[in-house]
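No value in this document is a laboratory result; all are computed from the given coordinates. The model shown is predicted, which means the values in this text are computed figures rather than measured ones. Glycine gets a Cβ as well: all are built from the backbone with ideal geometry, and neighbour counts include every protein chain shown.
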Amino acid sequence: MSFAENTMAGKTALVTGGATGIGAAIVRLLGKLGARVAITSRKEENLKAAVQEFAEKDGIDVIYRVGDVRDADGIKAVIADIATELGGLDILVCNAAGNFICPTEELSSNGWRTVIDIDLNGTFNCCQAALPFLKKATRGGRIVAISTTHADSGWPTAAHAGAAKAGIQNLMKSLSAEWGKYGVRANWVSPGPIEGTEGVDRLIIAQGKAAEVLKRIPLGTFGQGEDIANAVVFLSSDMGAYVSGTELVVDGAARWGT
Ligand code: NAP
């Protein structure tokens, strides 16, 4: 079951951190549904390998540029370059993020700053750099940030990431209010734990917490990358035209009890 195959035809999209995990699933679906897609992140080897896999396995042409979302001037140039090559930019998916487990009493200021810088400052940098292009999107520009349900619940041992994502959610609300006049919609998707991602492998499975986490998910399974991609497509397609400044939770009704 999927969207009609031309759902995203004629649209252009940039997915930050789109070479791996959830970002790659979003790229795959946007591309299969007809969008022209670009990805950016720091590691060229990941970007190159992903673009090759998208072409060979999925039959979609994706372009890439190396970029670090923390570098405001650098990412501005990358986004301008991508928009030129794609012939515009209708959709920005702010997916790039970093995270690690650390009790907050032991967290260094550098560790705190690094995650805030990638997740929150990086999202701001990308949104501001993309705005001139999103303003020109003929059917309304779209920003979709990838957050987490822990932004609301608090995130013991990952307070840095929880705080950064809470900041992103608040930023999306501000942008939806300020940039609605340009036709730009700004929303966020909050995934629960998604199977096969680096995050779940490292933060849940490697910590021996899979069974404990699954007990807290009434639907009884981890999510799939496609579940998040479906939510992003809805929000960035014409079907999501009147949705802005809000959250789409995709977590199997998880209850963290924190
Ligand atoms: P992932 O595979 O580690 O993806 C993160 C991506 O961000 C990587 O491709 C990485 O590429 C890129 N990145 C990191 N720092 C960057 C920087 N400074 N500049 C540009 N790109 C950067 O993780 P994921 O699990 O798929 O997570 C994707 C998103 O979903 C994140 O926002 C995460 O918080 C969110 N999320 C994930 C889960 C889950 O279950 N996995 C649950 C809730 C929310 P490079 O290393 O090449 O830079």
Rounded to the nearest 10 degrees, what's the angle between the helix 225-236 long axis and the longest principal axis of the chain, both from Cα atoms, 0 to 90?
50
Only loop residues by DSSP count here, and only those with at most 16 other Cβ atoms within 10 Å; note down the trypsin sites (Lys or Arg not before Pro) in the range 195-258 that meet that.
Lys209, Arg216, Arg255
Which trypsin sites (Lys or Arg not before Pro) from the range 1-92 combine a DSSP loop assignment with at most 14 other Cβ atoms within 10 Å?
Lys43
Let me see the pair-distance distribution of the range 79-228: every alpha carbon pair, 10 Å bin width, integer percents in order.
11, 35, 32, 17, 5
At 1.002 mPa s and 20 °C, plugging the Kirkwood radius over alpha-carbon pairs of the chain into Stokes-Einstein gives what diffusion coefficient in µm²/s?
118
Just flag the chymotrypsin sites (Phe, Trp or Tyr not before Pro) in the range 190-258 sitting in loop per DSSP whose Cβ has no more than 10 other Cβ atoms within 10 Å.
Tyr242
Summing -39500 (n - 2.57) over the DSSP H runs of n ≥ 4 in the chain and dividing by its residue number, what mean residue ellipticity at 222 nm do you reach, to the nearest 500 deg cm²/dmol?
-12000 deg cm²/dmol
Give me P(r) over the range 87-155, computed from all C-alpha to C-alpha distances, binned every 5 Å, as integer percentages.
3, 15, 20, 20, 15, 10, 8, 5, 3, 1
Placing +1 at every Lys and Arg Cβ and -1 at every Asp and Glu Cβ, with all other atoms neutral, what dipole size does the chain have around its Cα centre, in debye to the nearest 20?
560
I want to check a number: in the chain, how many lysine pairs have alpha carbons closer than 17 Å, given a sequence separation of 8 or more or different chains?
11
For helix 159-179, what angle does its Cα long axis make with the longest principal axis of the chain, in degrees from 0 to 90 and rounded to 10?
30
Please work out the Cα center distance from the range 26-80 to the range 169-244, rounded to the nearest Å.
19
Compactness index (Cα Rg / 2.2 N^0.38 Å), the range 1-49:
1.16
Can you work out ³J(HN,Hα) from phi for every residue in the range 140-152, in order, using Karplus 6.51 cos²θ - 1.76 cosθ + 1.60 and θ = phi - 60°, giving whole Hz and x for Gly and Pro?
x, x, 10, 10, 10, 9, 9, 9, 7, 5, 5, 5, 8
For the range 158-258, what D do you get in µm² per second when you plug the Kirkwood radius from alpha-carbon pairs into Stokes-Einstein at 4 °C and 1.567 mPa s?
86
Net charge near Ala163, counting Lys/Arg +1 and Asp/Glu -1 over other residues with Cβ under 14 Å of its Cβ?
-1
Of all alpha-carbon pairs in the range 55-124, indicate the percentage at a distance above 18 angstrom.
52
Using alpha-carbon coordinates, inclination of helix 44-53 to the longest axis of the chain, degrees
70
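What's the local net charge at Glu85, with K and R +1, D and E -1, over the other residues with C-beta under 10 Å away?
On the way: positive: Arg36, Arg65; negative: Asp81.
Within the 10 Å Cβ shell, the charges total +1.
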